[in-house]
Amino acid sequence: MTEPHYLKDLNPEQKAAVIQTDGPIMIVAGAGSGKTRVLTYRIAHLIATGVDAFNILSLTFTNKAAKEMRNRIEKVIGLEARNIWMGTFHSVFAKILRIEADKIGYPRNFTIYDSDDSKSLIKTIVKEMNLDDKIYKPNYILSRISHAKNNLIQAHVYQKQTELVAYDETTGRGKINEIYVEYAKRCFRAGAMDFDDLLLNTFKLLNNFPDVLHKYQHKFKYVMVDEYQDTNHCQYMIIKKLASVFENICVVGDDAQSIYSFRGATIKNILNFEKDYPDLSIFKLEQNYRSSSTIVRAANSVIAKNKDQLQKNVWTSNDSGNKIKIIRAVTDNEEGKMIAQAIFETKMAEQKMNSDFAILYRTNSQSRSLEEALRKINIPYRIYGGLSFYQRKEIKDILAYFRLTINQSDEEALKRIINYPTRGIGKTSLDKITIIASNEEKPIWDIISNAQLYPEIQSIKSKLSNFVSMIQSFITLSNKQNAYELGMHIARTTNLLKNLNEDKTIEGISKYENMVELLNGLKEFVEDDTNDSEKDLGSYMQDIALLTDSDKVLDDNDRVSLMTIHQSKGLEYSHVFVSGLEENLFPSQMALANRSELEEERRLFYVAITRAEHGLTLSFATSRFRFGTLLPCEPSRFIDEIDPEFLEFTKLSLSQSLRKSEDQKEFDYSLKSKSNLQRTISRQNKPKLIRPPATENFLAEDISDIAISMKLEHQRFGEGVVTKLEPHVNPEKATIEFHDFGEKTLVLKFAKLRKL
């Protein structure tokens with residue numbers, strides 16, 4: 001029998017992973033090992049060997065990845081690829097929930113709240129409960145709620161979790177359980193789900209309704225999961241339930257690239273996968289096609305330091321390439337200048353495009369000095385992770401009209417536009433309406449639709465009636481018009497388009513252009529033949545509600561890319577600069593409390609260096625401004641973890657060596673002005689760790705009676721105040737806010753502390 005043509009493109013291990021179709025399979029895919037090709041051909045091979053495309057479920061983490069895979073599969077086996085259930089966890093589960101929504105009490109046209117909607121609702125609840133909004137910050141509360149949902153802890157269960165409630169009380173936020181209950185109730189009343197609800201409610205659906213579970217278990221006879229190392233507990237449980245009948249489950253991932261624990265992901269899912277399926281077949285894709293031999297071997301030397309990992313030996317047949325360059329700068333500003341200069345020189349020497357270069361950093365705040373340096377020598381750049389197109393005010397305004405047209409219970413959308421453009425329904429009136437709705441436990445829409453029944457709002461009855469009539473006219477048209485026709489009608493009828501067009505300021509013109517771009521997007525959505533969804537406004541809103549950061553459309557101008565390392569995952573560039581390689585920055589000071597957190601930081605570094613194809617440069621500064629003060633920095637331990645044979649330390653140029661930079665002068669002055677920093681920072685080729693000197697005659701004390709708010713002194717970090725203890729009784733770890741070094745979590749049996 002003739003071998004299918006697509007199998008000829010694969011190496012032996014890739015081919016073996018593709019042709020084994022049945023049973024549990026784990027594909028451990030090293031960086032740059034052709035994972036997408038294997039996934040694509042595996043699905044194509046399933047269909048080519050007789051599996052119905054409708055029986056295949058393929059889950060990814062970005063819409064971009066799903067679209068790319070579907071297009072590739074279509075080229076191999078034709079239009080049958082469009083019948084595969086393929087997409088992100090959230091998009092696929094949202095599709096299931098819309099079909100089965102009535103079983104869990106939701107309307108099929110439920111709204112999907114983004115983070116701004118959730119924060120707004122949290123703010124409202126905190127205000128109504130008369131809580132301090134400086135303590136009960138929306139970001140923190142949402143993080144706690146998200147963590148609970150990802151671990152299948154619903155609002156009514158959270159209240160009974162004594163450990164969770166006790167932890168909240170120790171942080172001074174003992175009302176989080178009540179906020180969670182109210183938040184869940186308000187979302188349900190508004191017919192809305194946040195991103196975590198899409199997962200939690202899918203689990204509830206499968207867990208509580210055996211007939212629904214049976215339906216999808218037999219529908220999805222083959223389940224494939226990409227980036228399995230990034231799954232959380234809730235996702236793990238859903239996947240396990242769906243695949244439990246046929247056990248034709250194939251997971252693909254790389255434990256060395258598990259970097260999202262802050263979003264609830266757990267590396268244990270991939271490390272322990274074999275325990276769930278003892279007859280598991282494991283395939284290791286170890287040949288790297290992306291990077292030079294030097295970069296691959298350097299990455300291996302770093303990740304080898306981690307204990308929790310699946311053993312593999314990533315290798316490449318690519319040339320050795322250049323050594324990894326190390327840039328040592330005096331300050332963060334000088335670091336930016338040296339990186340910008342290096343990009344300029346490499347561009348000229350190798351005839352590269354700006355788009356061949358990426359600068360990666362641990363935190364978004366590091367981009368400032370890099371941006372300034374690039375601007376000064378006229379190198380164009382783009383920043384990933386900036387304000388999303390769909391988060392701009394003018395776009396969120398019209399989308400709120402779209403949302404309310406689809407779901408009249410969507411209170412966050414209604415509150416945003418009920419007086420925009422201005423129609424005389426001010427904040428005082430809206431507060432009255434909100435109180436009535438809360439007292440009667442009804443959606444705000446029900447109140448304003450029957451304004452004549454409530455004496456408190458009689459003065460604005462006609463204005464409310466006009467607003468309701470306008471929205472109802474949109475609802476009527478939604479059954480007759482496609483997304484573009486209805487969207488254009490709403491933009492014109494509300495005067496949003498007209499008002500923006502009349503504003504001839506630079507900002508106004510930009511906002512108008514954004515609105516036009518949104519309408520163009522509606523047109524493309526309607527005319528896209530490859531999109532198998534309906535062409536109505538509701539389907540469009542679901543599409544954009546589920547966009548991830550990685551799916552943001554960027555212009556294709558020739559620009560240098562700037563982004564955090566987390567945002568770089570899955571991308572690759574000819575030349576990569578990893579900046580800010582300093583202790584307490586990378587690895588983050590928040591990750592030094594235990595080995596698991598430090599190992600995740602090391603995996604993050606591994607991700608950073610494996611983005612590079614040919615050129616890799618690592619940089620650090622010996623001082624950096626923090627909170628307006630120039631503080632000394634020591635090189636990251638990760639630099640020392642790279643085998644020295646792969647490193648090349650850059651020399652100062654002649655012009656730099658002949659004159660002392662302004663940054664150096666400023667640093668020297670800072671040193672002279674601080675007695676505890678009076679020392680010279682000098683370094684030869686190989687970096688050596690530089691640590692602030694210990695306090696003289698420091699003697700540690702017994703602190704077994706440690707308590708919240710106790711003032712302590714640390715041998716290295718100086719004076720601080722205890723803000724958290726873990727556990728609360730007989731604590732093993734303490735979080736201390738140090739005056740000069742910020743918040744740090746210390747293991748008490750090792751920390752050298754004394755009372756003040």
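Each principal axis of the Cα cloud of the stretch 146-201 was taken in turn, and the coordinate range along them, longest first, works out to 33, 20, 16 Å. If I take all pairs of Cα atoms in the stretch 556-628, what percentage of them are more than 21 Å from each other? Distances greater than 21 Å cover 33 percent of the Cα pairs. Applied to the stretch 147-164, the Karplus parametrisation 6.51 cos²θ - 1.76 cosθ + 1.60 on θ = phi - 60° returns per-residue 3J(HN,Hα) values of 4, 5, 4, 5, 9, 6, 9, 7, 4, 6, 7, 3, 4, 8, 7, 4, 5, 5 Hz, with x for Gly and Pro. Per the Kirkwood formula applied to alpha carbons, the stretch 71-110 shows a radius of gyration over Rh ratio, Rg over Rh, of 1.19. Of the residues ILE326, ILE398, LEU370, the one whose Cα sits farthest toward the positive end of the charge dipole of the stretch 326-419, with +1 on the Cβ of Lys and Arg and -1 on the Cβ of Asp and Glu, is ILE398. Magnitude of the Cβ-charge dipole of the chain, K/R +1 and D/E -1, about the Cα centre, nearest 20 debye? Value, rounded to 20: 940 debye. For the stretch 703-756, a simple Cβ point-charge model (Lys and Arg +1, Asp and Glu -1, everything else neutral) yields a dipole of about 180 debye relative to the Cα centre. A simple spin-label model places the labels of GLU68 and ALA349 3.0 nm from each other, with each point 7 Å out along Cα-to-Cβ. For the Cα trace of the stretch 392-513, dividing Rg by the Kirkwood Rh returns an Rg/Rh value of 0.99.
Counting protein heavy atoms only, the stretch 338-447 has 49 percent of its accessible area on carbon and sulfur, 1.4 angstrom probe. Expressed as a whole percent, how much of the Cα-Cα distance distribution for the chain exceeds 38 Å? The answer is 48 percent, as a whole percent. Binning all Cα-Cα separations of the stretch 351-453 at 5 Å, short to long from zero, yields these whole-percent fractions: 2, 9, 15, 15, 11, 7, 6, 8, 10, 7, 6, 3, 1, 0, 0. Per-residue extension of 0.36 nm, minus the Cα-Cα distance of LEU477 and LYS752, leaves a gain of 92.0 nm for this segment.
Shape summary: the stretch 406-468 maps onto an equivalent ellipsoid whose semi-axes, from the alpha-carbon gyration tensor, are 15, 15, 11 Å in decreasing order.
At the residue level, PHE344 shows approximately 90 square angstrom of accessible surface with a 1.4 angstrom probe and all protein chains present.
Under 21 Å of direct C-alpha separation, and excluding same-chain neighbours fewer than eight residues apart, LYS427 reaches these lysines: LYS119, LYS123, LYS127, LYS393, LYS396, LYS415, LYS442, LYS461, LYS463. Taking loop as defined by DSSP and a crowding limit of 15 other beta carbons within 10 Å, which GluC sites (Glu not before Pro) in the stretch 702-749 fit? Answer in residue order: GLU732.
At a probe radius of 1.4 angstrom, the accessible area of the chain per residue rounds to 46 square angstrom. Annotation: extensible slack from SER261 through THR650 equals 136.5 nm (criterion: 0.36 nm per residue apart, minus Cα-Cα distance). Applying both filters, DSSP loop and at most 11 other Cβ atoms within 10 Å, to the trypsin sites (Lys or Arg not before Pro) of the stretch 303-393 gives LYS307. For the residue pairs LYS149/LYS204; LYS733/LYS755; LYS204/LYS275; LYS95/LYS523, alpha carbon separations beyond 19 Å are given by LYS204/LYS275; LYS95/LYS523. Ordered from largest to smallest accessible area (heavy atoms of protein chains, 1.4 Å probe), the residues LEU152, LEU121 come out as LEU152, LEU121. What percent do you get for the relative contact order of the chain when only Cα pairs under 8 Å and 6+ apart count? Reported relative contact order: 15 percent.
Over all other residues within a Cβ to Cβ distance under 11 Å of GLU100, the charged ones net out to +4, with Lys and Arg as +1 and Asp and Glu as -1. Judged by the gyration tensor of its Cα atoms, with axes a ≥ b ≥ c, the stretch 13-156 is prolate; a/c meets the 1.5 cut and a/b is the larger of a/b and b/c.
The values are calculated or read from the model by the stated rules, or taken from the named source; none is laboratory data. Here the structure is a predicted model, which is why all the values come from computation and not from measurement. Virtual Cβ from ideal backbone geometry, glycine too; neighbours counted across all protein chains shown. The area values use the complete protein model at the heavy-atom level, side chains included, leaving out ligands, DNA and RNA. Shrake-Rupley method; radii C 1.70, N 1.55, O 1.52, S 1.80 Å.
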